[in-house]
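Asker: Structure below; questions to follow.
The values are calculated or read from the model by the stated rules, or taken from the named source; none is laboratory data. Here the structure is a predicted model, which is why all the values come from computation and not from measurement. Methodologically, a virtual Cβ is constructed for each residue, glycine included, from the backbone with ideal geometry; neighbour enumeration extends over all protein chains shown. Just so you know, the surface numbers come from the protein's heavy atoms only, side chains and all, with ligands and any DNA or RNA stripped out. Shrake-Rupley method; radii C 1.70, N 1.55, O 1.52, S 1.80 Å.
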Amino acid sequence: MSEVKRTEHRLRIADPLRNPTRLDAAHRDVRGWVLLLATVLLPGSVQSYFRSRRSRIALGITLVVWVCALLALVLVLVRRQFAFSLATNPILLPVVLLVVAVGGVNWLLCLLDTVRLVRLHTLSRRARPRFLAAALAAVLLVTGGTAYAGVMVNSQRGLMSELFASGKAAKPVDGRYNILLLGSDAGKGRQGIRPDSITLVSIDAKTGAAVMVGLPRNMQNVPFPEGTPLAGEYPQGFDCGDECLLNAVYQAGEEHADAFPDAETAGVQAMKDAVTGVTGLEAQYYAMIDLQGFEDLIDAMGGITVVSQKRVPISSKVDPATGKHGPVKGWIEPGEQKLDGYHALWFARSREFSSDYERMVRQRCVQDAMLRQLNPQTVLLRFQDIAKAAPEVVSTDIPQVQVDDFVDLALKTRAAGTTSVDLTPPEVNPTHPDFDSVRALVAETVEKSQASAEETTPAAAPAPAGSLLMAPGAVLTAGPATALAAGAEDGGGSGDGGDEEICSVP
């Protein structure tokens, strides 16, 4: 026997992990548990110790996965926005999916190989079933965890590609990002799209302080900025009669689609131009919610909770002969209510016994409730349903590459606060608006918001990741109309100053 073989023989005898035959039953059981635990904590370590074939590959994969995880953790601690990039960036998401898949498969194979290396016949009869149960539990945990993580990441990747647009990110205009939020009433029995809810959200790119400008759908004679496609068609503003309201601009854009660079989004671009002309703030992006379809999204969330101080009717269909609703079918009663999608839609859109301006406030309440009550627990438990419903409900031209910026900005907004201003009576007469005064009102509100944010932001604690989302059971209030006006004056509406500042209904 050569010297090398003698040395290897002596090592096998002296090494109880590799050769347990000289150990008593108790120590052989301990050996099995040690090997299993080592694989659970560091997949590939046992294979490397046993010098199994391609053992370095398994351990190398584990080390690479660990390095990637630690590097990601360090980057998140140094720069919070990197966490949002991992969750939203179209380039990083496939990398995350690949790391999860390779790491999970490697872990599973190492567990199965470790069971082989333990040699079950060396374990005592008493320890054998316990060991097999523990090994099976570890295999199921790793398999299930990897599958779940993979499905989650893949669903997120699909959601980002379906929901958000491609293209380059835009820079802020005068230090602000301006996003037009539209609530569309397109649905069964409807001809074309007529935005039922129109809000421009203007966010300070540095502080996150936001101003929400509510525009009534019945505003008349809206102007179009010089050089835009509809400015040539309506040089004096959208003044073609009582039917030419703000929410009819969408269809006007569709009718003149050949004048727009992208005919597919002519209606949206026309709305952007009109809102820009009204407010003096350039609408860069839009997000449109199909009010008929958001029932599915709210149901996927498990419902929303609101508080109303007024009964809201659920009406029957309109009688074509009279143009009036039939008898009221039901009511959403005052007080705290947990609403499913059907009732939330009625709460937002009900027209009887209320004005358009009251409806605007209720719609704002529902929008806030959806955003604030979409908490981490809801996302984790209902992610698949939410991811499936969202692309059917929401359309937007916000590019994928800028989503992480906006998520980070939203957290800043949470700390800096939101100011609301509605272009409704008595400040604004929608039938004969003075647009110079309107733009001055918007500019003044933006200036106050910026000044307030600059005073409070340095002293404010940074918002932790996830602080955009409120805890389960968060409640939004609909009360006297004066509360919303107060929020516009004092920078309220962030949700930090009490329920009355969030939304109100007379």
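Asker: At a 1.4 Å probe, what is the % contribution of carbon and sulfur to the accessible area of region 260-323?
Answerer: Carbon and sulfur atoms account for 49 percent of the accessible area of region 260-323.
Asker: With the Cα gyration tensor of region 267-312 giving a ≥ b ≥ c as the square roots of its eigenvalues, does the rule (a/c under 1.5 for rounded; else a/b larger than b/c for prolate; else oblate) give rounded, prolate or oblate?
Answerer: prolate
Asker: Report the full-extension gain for the segment ASP434 to LYS171: residue separation times 0.36 nm, less the Cα-Cα distance, to one decimal in nm.
Answerer: Taking 0.36 nm per residue and subtracting the Cα distance, the gain is 91.7 nm.
Asker: Give me, ordered by chain and number, the residues 5 or more places off ALA209 or on other chains with an amide H under 5 Å from its own placed amide H.
Answerer: Close amide H contacts, sequence-distant or interchain: ASP204.
Asker: Quick one: which residues, 5 or more positions from VAL173 or on another chain, have an amide H under 5 Å from its amide H? H modelled 1.01 Å from N in the peptide plane, none for Pro or chain starts.
Answerer: ASN178
Asker: How much length would be gained if the chain were fully extended between ARG56 and GLU352, taking 0.36 nm per residue of separation minus their Cα-Cα distance, in nm to one decimal?
Answerer: Gain on extension, ARG56 to GLU352, equals 99.3 nm.
Asker: Further question: Assign unit charges at the C-beta atoms only (+1 for Lys and Arg, -1 for Asp and Glu), then state the dipole size of region 260-330 relative to its Cα centre in Debye, rounded to the nearest 20.
Answerer: Roughly 620 debye for region 260-330.
Asker: Round to the nearest 10 and report in Å² the accessible area of PHE82, as given by a 1.4 Å probe over the protein chains' heavy atoms.
Answerer: PHE82 exposes around 50 Å² with every protein chain in place.
Asker: Taking 0.36 nm per intervening residue step and subtracting the Cα-Cα distance, what contour gain separates HIS121 from GLU427 on full extension?
Answerer: 101.6 nm
Asker: Write down the accessible area per residue of region 180-261 in Å², having rolled a 1.4 Å probe over the full set of protein chains.
Answerer: 43 Å²
Asker: Taking the Cβ-Cβ separation of LYS317 and GLN236 as r and a Förster radius of 35 Å, what is the calculated FRET efficiency to the nearest 0.05?
Answerer: The formula returns an efficiency of 0.40 here.
Asker: Let me ask something additional. Give me the distance in nm between label points sitting 7 Å out from Cα along the Cα-to-Cβ direction at ARG130 and GLN309, one decimal.
Answerer: With each label placed 7 Å out from Cα toward Cβ, I get 6.5 nm.
Asker: Please list, in chain and number order, the residues 5+ apart from ILE332 or on another chain whose amide H is under 5 Å from its amide H, with Hs placed from the backbone.
Answerer: Result for ILE332 returns VAL312, ILE314.
Asker: Shifting gears a bit: Give me the 1.4 Å probe accessible area per residue for region 313-368, excluding ligands and nucleic acids, in Å².
Answerer: On a per-residue basis, region 313-368 sits at 50 Å².
Asker: Given a Förster distance of 56 angstrom, what is the FRET efficiency for VAL105 paired with ASP262, based on the Cβ-Cβ distance and rounded to 0.05?
Answerer: It comes out at approximately 0.80.
Asker: Now for a different question. Taking the Cβ of GLY303 as the center, what net charge do the other residues with Cβ under 9 Å away carry, scoring Lys and Arg +1 and Asp and Glu -1?
Answerer: Net local charge, GLY303 excluded: -1.
Asker: Over region 60-169, average the accessible area per residue using a 1.4 Å probe and give it in Å², no decimals.
Answerer: 59 Å²
Asker: Okay, moving on. Using a 1.4 Å probe and counting only protein heavy atoms, arrange ASP196, ASP385 so the residue with the most accessible area comes first.
Answerer: ASP385, ASP196
Asker: Based on the Cβ-Cβ distance from LEU92 to ASP24, what FRET efficiency comes out when R0 is 41 Å, to the nearest 0.05?
Answerer: 0.20
Asker: Using a 1.4 angstrom probe on the protein heavy atoms only, line up PHE347, PHE435 by accessible area, largest first.
Answerer: Accessible-area ranking of PHE347, PHE435, largest first: PHE435, PHE347.
Asker: Heads up, I need the accessible area for CYS244: 1.4 angstrom probe, whole protein in place, Å², nearest 10.
Answerer: Approximately 10 Å² of CYS244 is accessible to the 1.4 Å probe.
Asker: Please name whichever of LEU77, GLY104, ALA138 sits farthest to the positive end of the charge dipole of region 31-158, dipole taken about the Cα centre and charges placed at Cβ: Lys and Arg +1, Asp and Glu -1.
Answerer: So the residue furthest toward the plus end is ALA138.
Asker: Moving on. Give me the percent relative contact order of region 235-365, please, defined on Cα pairs under 8 angstrom at least 6 residues apart.
Answerer: Here the relative contact order equals 17 percent.
Asker: What percentage of the solvent-accessible surface of region 40-166, computed with a 1.4 Å probe over protein heavy atoms, is contributed by carbon and sulfur atoms?
Answerer: After summing per-atom areas, the C and S share lands at 72 percent.
Asker: Additional query: May I ask you to list the residues of region 395-430 whose amide nitrogen lies under 16 Å from a point 7 Å from Cα along the Cα→beta-carbon direction of GLN81?
Answerer: 399-414
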